[in-house]
Structures are given as C-alpha cells and as structure tokens.
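Inspection log for the structure reproduced underneath, given as structure tokens.
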Amino acid sequence: MTVDNYAPATTPAGPTPSEIDERMAIAERLLRSTADRAYDGELDIDWDADIDPEKAWSTEKRGTLFGTELYEGLDDAQKLTLSRAEAVAILTYGINAEVGLCTNLLRGVFTNDNLADEHTLYSLTEIAEETRHSTMFGRLINKTEMEPYRRPKLLSMPLRLIGFIPHGPLVYAGTLLVEEVLDRVQRESMADETIQPHVRQLMKIHVLEEARHITFARNELIQATEKCGPISLAVNRVLIALLTLFVMPTLVDSQAYRSVGIGQLAGWKAAQRSPRYRENATFMCGPMLTFFYEAGLIKGRLTTKIYKMSRSLPDEVLSQLEGGRRRR
C-alpha cells in the first residue's frame with residue numbers, strides 16, 4: 001500500500017472521514033508521515049564502517065562535567081573516553097525508557113475498543129519504531145566496545161511497576177520527559193561534525209521519527225488533562241514535577257565517570273554543581289516545560305517549587321510564574 005492510496009479505516013456503522021475526531025485525525029496524519037518517511041537503523045547506518053578515533057561521541061558542551069575542574073584535569077584522550085561513556089549511559093537510558101514507553105502503548109491498545117482504528121494502528125506503528133530504535137541503540141553501544149550500564153536496583157522496581165500506573169497525564173508527561181529531552185540533545189548533536197558519523201546518522205533517524213511520537217504524546221497529554229477532575233489533576237501536577245526533578249540528575253549514569261578514573265559520587269556531585277547545569281537543563285527541558293506550562297500543568301505553590309528545584313524552567317516561564325505570584 002502506498003501513501004497515495006492510504007485511507008482511514010472505516011466501517012458501515014462507523015464514522016466517515018469527515019467525522020473523525022481530532023484524535024483520529026492526528027493519528028491518521030502520523031500514519032501517513034510514517035509511510036512517507038521511515039528508516040531502518042539496520043540498513044541506513046553503515047555499521048561496518050570503522051570508528052574515527054579522533055572524533056567524540058557527544059557534543060562536548062553538553063557533557064555533564066564540561067566546565068568543571070574535574071573536566072579540565074582530563075587530557076584529550078580521556079575527554080574522548082568520557083564522551084563515549086556518557087553516550088553509552090544515555091543510550092542505555094534510552095533503551096530502558098523506550099521499553100517503558102512500549103509497555104504503556106501496548107496497554108493503550110489492549111484497552112481500546114476498536115483494534116483497527118487509526119489511533120490503535122498508530123500506537124502499533126510507534127511500538128514498532130521504538131523497538132527498532134532500541135535495537136539501533138544497542139548496536140551503537142556494541143560499536144563503542146563498552147558494556148551497557150546496569151540499572152541501579154533503586155530504579156528496577158519503579159520500572160517494573162510502569163504497567164500499573166493509571167493512564168492519564170502522568171503517563172504521557174513521562175513519555176515526553178524521555179522523548180523531548182533526548183530529542184533536544186540529538187537535534188544538536190546530529191549537526192555536530194566533531195561527532196562520530198555512526199552517532200550522527202543514528203540521531204538523524206531517531207529525531208525524524210521521534211518528532212511524530214512527540215506530536216502524538218502531546219495530544220494525548222492534553223486530552224488526558226482535560227478529562228481529569230481538580231483533585232486528580234493537582235496530584236498529577238505534583239507527580240509530573242517530581243519526575244522532572246528526577247530526570248536530569250539520572251540521565252547519565254554516574255558509573256560513566258569511572259571510565260576516566262573519577263569516582264561515581266565525586267563525578268555526580270561535580271555534575272550537579274557544574275556552572276553549566278542550568279544552561280544544559282533548560283536547553284534539554286525548556287520547550288517541553290513551556291508546553292507543560294501552557295497545558296496548565298505548572299500551577300500551585302508546591303508544583304512550582306519542585307520545578308524551580310529542578311533548575312530546568314526556562315526564563316520566560318519563570319518570569320510568568322513570578323508575575324502571577326506578584327499579582328496575587
């Protein structure tokens with residue numbers, strides 16, 4: 001089936017294309033985009049090509065230790081090693097996160113009354129893409145000749161409980177916390193000519209396909225928010241804020257610092273105290289948190305305080321929050 005002759009699935013008793021609601025219309029559009037622009041990491045990355053020993057694995061200024069005394073004490077070879085280790089940490093994080101995303105998407109399919117409507121079909125399409133992404137991430141980890149980092153035991157139980165979290169704003173906000181943070185890093189890195197060609201090509205593929213996933217998750221988040229009662233919404237706001245507080249400090253596993261002889265705790269502390277921490281946090285989370293604010297998810301004294309603790313709020317959102325407090 002080609003894109004040109006693809007049409008929404010309908011039944012005699014079902015809706016006509018003109019009656020499909022916004023949710024179905026978005027899913028249909030994303031299905032068309034998938035058919036038109038899709039890649040296969042197995043075929044579209046030259047895995048047989050050699051690694052360039054002089055190129056980094058991530059954009060230097062986004063490194064967690066960049067700008068710290070610990071980083072300045074490393075020689076050039078160690079800096080390349082650290083960039084490779086941090087790349088492996090982020091790829092490992094990506095695989096774990098995408099497995100969780102697929103779990104929630106599958107739950108959505110199971111609870112949908114119509115297993116052939118556009119929303120279900122796109123959910124299944126996204127699951128297929130996410131599994132290909134995880135395979136692609138795994139291949140790149142193998143290319144680094146490093147082992148993926150094992151999940152800390154503290155994180156294992158929450159990940160196992162993902163399937164029991166009720167579908168609602170928290171689930172879709174959590175999806176965006178994964179997809180949008182990685183998207184921001186990768187959009188910048190894919191244009192960075194100092195980075196390994198394998199990494200840049202992987203990121204180009206991932207960014208293209210994640211753009212659809214972000215559109216889908218944002219729409220689902222808005223609809224889930226609109227269905228919430230005031231108490232449920234207030235609880236979801238606080239939980240989403242706590243997730244945001246948690247993401248940045250754990251994005252890069254502190255085990256990565258051991259690759260250059262830096263202790264895990266010392267490296268983690270230096271990363272949290274880095275003069276560039278807020279710049280990187282707002283770069284990675286800024287567009288997403290602006291969307292959260294516009295969707296009404298950053299409200300209330302406790303929620304706002306947690307977001308401020310994350311040091312991820314962009315200046316324009318901070319100024320609006322402060323302006324609102326002054327008016328009260």
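The values are calculated or read from the model by the stated rules, or taken from the named source; none is laboratory data. All of these numbers come straight from a predicted model, not from anything done at the bench. Neighbour counts run over all protein chains shown; Cβ positions are idealised from the backbone, glycine included.
Observations
- Residue in segment 259-272 that is in contact with a helix residue (DSSP H, G or I) (Cβ under 6 Å, 6 or more places away or on another chain), buried (at least 17 other Cβ atoms within 10 Å of the Cβ), aromatic (Phe, Trp, Tyr) and in a helix (DSSP H, G or I) present: yes
- On inspection, Ala281 qualifies as among the aliphatic types (A, V, I, L, M), in a helix (DSSP H, G or I) and either modelled with pLDDT of 95 or more or within 27 Å of Arg151 (Cβ to Cβ) (or both).
- Within the set Leu251, Leu289, Leu318, the sole residue that is over 28 Å from His167 (Cβ atoms) and either at pLDDT below 95 or under 20 Å from the mean Cα position of the chain (by Cα) (or both) turns out to be Leu318.
- Of all the residues in segment 44-61, those that are surrounded by 15 or more Cβ atoms within 10 Å (Cβ to Cβ) and either small (Gly, Ala, Ser) or more than 27 Å from the chain's Cα centre (by Cα) (or both) number 2.
- Search result, residues across segment 62-78 that are within 21 Å of Glu147 (Cα to Cα) and without any contact (Cβ under 8 Å) to a residue 24 or more places away in the chain: Gly63, Ala77
- Within segment 228-238, none of the residues are in a helix (DSSP H, G or I), of a type in the set (S, T, N, Q) and more than 30 Å from Leu121 (Cα to Cα).
- Entry remark, segment 292-301: residues being of a type outside the set (Val, Ile, Thr) and surrounded by 18 or more Cβ atoms within 10 Å (Cβ to Cβ) number 3 in total.
- Extreme residue, surrounded by the most Cβ atoms within 10 Å (Cβ to Cβ), among residues of segment 104-120 that are closer than 28 Å to Thr92 by Cα and in contact (Cβ under 8 Å) with a residue 40 or more places away in the chain: Asn104
- Hey, Arg151 at pLDDT 90 or above, charged (D, E, K, R) and under 18 Å from the mean Cα position of the chain (by Cα) or not: no
- Boolean, Leu124 is out of contact with any Lys or Arg (no Cβ under 8 Å at 6 or more places or on another chain) and either outside any loop (DSSP other than H, G, I, E, B) or modelled with pLDDT under 90 (or both): yes
- For segment 246-253, the count of residues that are closer than 19 Å to Leu80 by Cβ and touching a residue at least 12 places away in the same chain (Cβ under 8 Å) is nonzero.
- Only one of Ala234, Ala211, Ala256, Ala224 that is surrounded by 18 or more Cβ atoms within 10 Å (Cβ to Cβ) and more than 29 Å from Thr68 (Cα to Cα): Ala224
- Residue in segment 71-88 that is of a type outside the set (Ser, Thr, Tyr), outside any helix (DSSP H, G or I) and either touching a Cys at 6+ places or on another chain (Cβ under 9 Å) or buried (at least 16 other Cβ atoms within 10 Å of the Cβ) (or both) present: yes
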